[in-house]
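For reference, the structure discussed in these notes is given below.
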Amino acid sequence: MTTNIQRYLDKGLRGLWYPVLASWEVQSAPVGITRLSQQIVVWRNREGQLQALEDRCPHRGARLSMGWNLGDRIACWYHGVEVAGDGEVKDVPAVDRCPLVGQKCVRGYQVKEVHGAIFLWFGVTADDQPSELSFPQELADSASYSNFLCTAGWNCNYQYALENVMDPMHGTYLHSSSHSMAEGDRKADMILQPTASGFVFQKEGQIGVNFDWVEFGDSGAQWMRLSIPYQKRFGPGGHFWIVGMVVPEDEDHCRVFFWRIRKVDGWQRDLWRFMYRNRLEGLHWDVLEQDRVVLESMAPNAREHEYLYQHDVGLSRLRRMMQKAAKQQLARIEAQSEQQGVS
């Protein structure tokens, strides 16, 4: 049973909204992606609204993402079969009165576009209704805070990316040459504090010096929030905030999303955004690349050979929470399968 739970978890928890693409990545052409081991096509209709479907033509199984955007539907490149955003076949131009027309043959996805990202709902079962989706204040309050979204694909399981952020001590070592994480003690005791939506994991006795704390939360999507102190020469707005999310692609690949945030308005907002694009963005990508290189180079089956200590309390708590959720979701799926088998 434990093995089944971990296999399920390796592919990604469900019952969540996940960011799958940055908004700018979807224009007129259909875009094919893999998320939670599912092949999905995303496109915009004539009004610019996003549509998302299982990336499979119901006729022969060709990728709809290779086809044409007809506005309110997508046409398969192979034989021209036209499928609407809700999965219903609208036309089979090669055949008169084809029985496929009018049938919902492929799965559609609920879509939200917010904060520069495209979110899809992944239910535990097919009839799951989407949960409410909310965000940490630094991302939700666009009047007081300004942000840039960065996203990248990593060749590792998504759990490694989550656990990397849940480990504040690595900043003192891995990122010690960074413009923002070179200060502070190289030894610390860690404490964990529960919150309404998750928990905070932080260094005891050191706050506002380095990457000293991180919060994990679940408010329809799973997110991590942290702040890094910035010197005044790096622009206005006080601490540099980061809100991060990770979406599984498959068992060996994931996509990370990081919103980089400062509390600025008026002319200070314009100044910070200018400084970010012209001076800071490259420095931030350097830090992110250090994380990527380490995680993609982990020893095979690294978790099976770990020796965790006190600094790993945060990732241990996260693992227990996710294992519990995976167990509950598997039980729901199995129960539904048994009911369908009886009926």
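The values are calculated or read from the model by the stated rules, or taken from the named source; none is laboratory data. All of these numbers come straight from a predicted model, not from anything done at the bench. Here the Cβ is made from the backbone with ideal geometry for all residues, glycine too, and neighbour counts use every protein chain on show. Calculation scope for accessible area: heavy atoms of the full protein, side chains included, ligands and nucleic acids excluded. Shrake-Rupley method; radii C 1.70, N 1.55, O 1.52, S 1.80 Å.
Structure notes:
- Being of a type in the set (K, R), without any contact (Cβ under 8 Å) to a residue 12 or more places away in the chain, farther than 18 Å from M224 by Cα and not in a strand (DSSP E or B) holds for only one residue in R273, R269, R320, R303, and it is R303.
- The condition of being in contact (Cβ under 8 Å) with a residue 60 or more places away in the chain, open to solvent by less than 30 Å² (accessible area, probe 1.4 Å) and polar (S, T, N, Q) holds for only one of S219, S227, that being S219.
- Condition check for V264: farther than 24 Å from V293 by Cα, open to solvent by 50 Å² or more (accessible area, probe 1.4 Å) and in a loop (DSSP other than H, G, I, E, B): no
- Hits in the stretch 291-302 - residues which are surrounded by fewer than 16 Cβ atoms within 10 Å (Cβ to Cβ) and under 23 Å from H175 (Cβ atoms): V293, V294, E296, S297, M298, A299, A302
- Some residue of the stretch 150-171 being open to solvent by less than 50 Å² (accessible area, probe 1.4 Å) and more than 26 Å from M321 (Cβ to Cβ): yes
- From the options R7, R14, residue that is in contact (Cβ under 8 Å) with a residue 60 or more places away in the chain, charged (D, E, K, R) and within 23 Å of K327 (Cα to Cα): R14
- Strands (runs of 3 or more DSSP E) fully within the stretch 200-256 that include at least 3 residues being more than 14 Å from V165 (Cβ to Cβ) and not basic (K, R): 240-250.
- Flag for A84 being out of contact with any helix residue (DSSP H, G or I) (no Cβ under 6 Å at 6 or more places or on another chain), within 30 Å of D141 (Cα to Cα) and touching a residue at least 12 places away in the same chain (Cβ under 8 Å): no
- If you go through the stretch 112-134 and keep only what is open to solvent by 40 Å² or more (accessible area, probe 1.4 Å) and either touching a strand residue (DSSP E or B) at 6+ places or on another chain (Cβ under 8 Å) or at pLDDT below 95 (or both), you end up with K112, E113, H115, A126, D127, Q129, P130, S131.
- Tally, over the stretch 280-295, of residues that are of a type outside the set (V, I, T) and either over 18 Å from F258 (Cα atoms) or free of Cβ contacts under 8 Å to residues at least 40 places away in the same chain (or both): 2
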